[in-house]
Amino acid sequence: MKIISCFTSLKEIAPLAAAGAAELYCAVNPLPSFGESLALKNITEFKQAAAIAHDLGLKVSVAVNSLRLQCDSRKAKRLAALCAEAEQSGADAFIISNLSALNIFADHKFRPRAALHLSSVQPCFNSLSAAFFIRSGFSRLILPNQLAPQEAKALLALCRKKGVETEIFDYRFFGCAYINGHCHMHTPWYHTLKFHSPEGSLCRVNIPVTKHLKPVHFTENSNMALMKTAACRLSGRLACGGAPRMANPASFFDFFTAGIQYLKYGVRQDTAAAKIRKVKELRYMADLAKRLKIDLGTGNARKTFVKKMTAWDGSTEKFSHAD
Amino acid sequence: MPIEHAIRLGAMTLSDLEETGGLQNAMGRFNWFYLGSEFCENLLDETLCGDIANLQKKGKKVCLSTPFLSEKGAARLKKIFSVLSALEKSGKVDFSRLELSVNDFAAIELARTAKLPVKISAGRIFYENAFTQSKTYLYVLSRQSLRFLSALGIKRYNISAAGRKPRSNFHNKMYSLGTPDFKISLYYPYLNLTTARACLAGMPDIAPHQSISGVNCRRECRSGAFEVAHPWIKETLIIRGNTVFIKFPNKFYSSEKELTKLRIDRLVYCPFP
């Protein structure tokens with residue numbers, strides 16, 4: 001399993017490679033990427049980044065994965081031209097979510113030689129959608145965090161058959177339980193904030209919400225026992241991060257044994273030191289899964305892996321000594 | 001053409017509506033009924049087919065709403081299409097009065113392979129492949145985005161009202177849309193803010209050793225919803241099942257004629273989120 005890491009500055013590339021990253025990706029201004037995170041200044045800087053990465057034997061992808069790919073005629077022409085320039089500057093792949101990008105490229109006679117990777121911002125939950133994306137030209141699918149490995153069997157079988165790569169995020173460093181790309185909780189496009197809140201915190205209010213919760217729209221036929229259970233769940237979940245996470249140690253191990261090729265770390269806002277530390281964590285976890293599987297067989301490896309990673313408290317350094 | 005009026009049942013079934021005594025009123029007021037589920041595949045089942053046939057028998061048009069689909073959900077939808085095809089062959093369902101609203105590419109693929117000659121519209125999550133919206137604007141992303149979805153058979157978009165009359169770019173020459181040929185079905189008064197696959201209200205907790213095989217719930221959402229006074233957000237949020245909604249009760253238009261400028265030709269009333 002290979003590690004793919006984000007980077008936001010040239011200085012991070014070599015240390016990330018040393019930490020275990022086999023591939024890198026970045027956002028590049030002014031190419032439209034998902035979220036408002038850090039990006040390389042321009043394509044010139046990207047060209048330097050690609051040269052450094054390639055010298056180290058690493059491929060590098062460029063995120064053009066804004067779902068809100070708003071382009072009038074002038075911007076569409078510019079988008080195609082910028083992507084062509086990014087490709088000439090060394091982009092090995094484009095990460096795309098809105099498939100209209102492909103129409104924009106075609107309209108402006110840009111036929112990417114770089115690979116196309118489907119962003120998790122265009123979530124693929126089943127093999128029929130996967131087949132559509134593969135026919136559209138994608139050679140790698142980045143799976144959403146809200147897909148369980150048991151649910152992904154047919155999708156993964158299709159990808160293996162078609163020679164399409166698959167990628168998942170590290171569950172420890174990608175926390176959103178809402179469907180990525182379609183969550184309007186944090187940016188006040190519709191609601192009004194009482195005051196500015198830190199990014200991502202609206203679903204983690206960390207206060208008991210029981211008194212703020214009121215059942216509505218129920219009838220005499222409603223199952224009030226179920227409503228009571230639901231109310232208890234909601235109180236806890238709204239206070240600390242929303243819906244349950246489908247991605248966890250067990251799901252990682254199951255995806256690992258199912259043959260997912262890439263494990264991704266993508267918190268661009270992290271400092272360089274945090275990025276490097278987390279890439280080492282990803283590398284350690286993937287290596288641990290592999291080692292346990294070889295030593296113990298899948299069944300016992302899974303139990304041991306889950307036990308170890310459930311005890312993970314932010315660092316696997318102490319695991320290394322114990323191992 | 002006059003504005004059409006629809007009612008969306010969501011988690012409520014047609015027999016629920018009948019039991020509450022609301023069916024007769026609804027039959028008088030609305031020419032479209034929206035059945036199915038926009039946000040959760042656990043609410044898709046074959047009983048919808050009987051409801052579709054009954055409503056069409058009473059002269060109504062029906063929109064079957066579909067959500068994001070796992071393999072299980074896709075299999076359920078495939079079965080629904082199979083039942084609908086059988087009903088169509090026996091003259092009980094008319095595909096010309098049935099629309100399919102999609103939030104997953106799989107639903108489009110299934111309709112294509114089942115050769116369902118139904119009109120397809122983009123659901124309230126899927127529409128974001130061609131539009132971007134906020135409380136003050138509603139913009140087409142690009143002519144390429146409309147073209148991409150039009151090639152899949154989509155020319156109608158299901159979008160929620162956001163409380164104010166939005167600015168639009170539909171006639172902005174910079175977007176080269178020409179005479180736009182898309183239509184919008186405007187849902188009111190609930191706007192869907194965010195959706196989780198693992199249901200907020202219904203999904204049991206997941207232990208670290210559990211790698212789940214699907215979303216196991218007891219359809220808590222059929223029993224009701226919850227209003228939440230979020231400490232940092234002024235508006236009241238409403239949670240039903242796996243989706244968080246905001247209510248915008250105020251009409252932003254003074255006459256239905258104004259809606260045609262925004263290419264809205266159908267209003268979809270949601271009695272609850």
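Since every read-out is calculated from the coordinates, none of them should be taken as a lab result. Everything quoted here is computed from the prediction, not taken from an experiment. Positions of Cβ are backbone-derived with ideal geometry, glycine not excepted, and every protein chain shown enters the neighbour counts.
Values for this structure:
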item	result
Of A:LYS264/A:LYS290; A:LYS2/A:LYS275; A:LYS47/A:LYS280, pairs whose Cα-Cα distance is over 20 Å	A:LYS47/A:LYS280
Distance histogram in 5 Å bins (all Cα pairs of segment A:73-114, percent per bin)	6, 25, 36, 26, 6, 0
Length gained when the stretch A:THR219-A:GLN150 is fully extended (0.36 nm per residue, less Cα-Cα span)	21.2 nm
For segment B:142-273: relative contact order, % (alpha-carbon pairs under 8 angstrom, 6 or more apart)	30
Average projected area [Cα convex hull, the protein assembly as shown], square nanometres	27.0
Chain A: most fluctuating residue of A:SER136, A:SER222, A:SER89 per GNM, C-alpha cutoff 10 Å	A:SER222
Calculated FRET value between B:THR260 and A:LEU56, using beta carbons and R₀ = 41 Å, to 0.05	0.10
Label-point separation in nm, B:LYS115 to A:ARG135, each point 7 Å along Cα→Cβ	1.6
Tail fraction, Cα-Cα pairs, segment A:134-183, threshold 14 Å, whole percent	57
Cβ-derived FRET efficiency at R0 45 Å, B:GLU46 paired with A:THR44, nearest 0.05	0.15
Cβ-based net charge around B:ALA107, under 15 Å, with every Lys or Arg adding one and every Asp or Glu removing one	+3
Peptide A:221-229 - average C-beta neighbours from other chains (10 Å radius)	5
Extension gain (nm, one decimal) between B:HIS171 and B:THR20, 0.36 nm per residue minus Cα-Cα	49.9 nm
Label zone at A:LYS194 (point 7 Å along Cα-to-Cβ), backbone N below 15 Å, segment B:224-251	B:228-237
Residue-averaged 222 nm ellipticity for the protein assembly as shown, from DSSP H runs of 4+ at -39500 (n - 2.57), nearest 500	-10500 deg cm²/dmol
Relative contact order, percent, chain A [alpha-carbon distance under 8 Å, six or more residues apart]	19
Over 28 Å between alpha carbons, listed pairs A:LYS109/A:LYS161; B:LYS58/B:LYS251; B:LYS119/B:LYS261	A:LYS109/A:LYS161; B:LYS58/B:LYS251
Residue exposure sequence - A:ILE134, A:ILE294, A:ILE3 - by fewest surrounding Cβ within 10 Å	A:ILE294, A:ILE134, A:ILE3
Hull volume in cubic angstrom per residue (convex hull over the Cα atoms of segment A:1-142)	108
Most mobile of A:LEU193, A:LEU263, A:LEU116 in a GNM of chain A (Cα contacts under 10 Å)	A:LEU193
Spread of Cα-to-Cα distances over 10 Å intervals beginning at zero, given as percent, for chain B	6, 29, 36, 23, 5, 0
Rounded, prolate or oblate (a/c below 1.5 giving rounded, otherwise prolate when a/b exceeds b/c) for chain A by Cα gyration tensor	oblate
Mean Cβ neighbour count within 10 Å, used as a protection proxy, ranking A:243-249, B:223-229 highest first	A:243-249, B:223-229
Loop-located trypsin sites (Lys or Arg not before Pro) in segment A:82-173 whose Cβ has at most 10 other Cβ within 10 Å (DSSP)	A:LYS109, A:ARG113
Likely footprinting exposure, B:THR66, B:THR136, fewest C-beta neighbours within 10 Å first	B:THR136, B:THR66
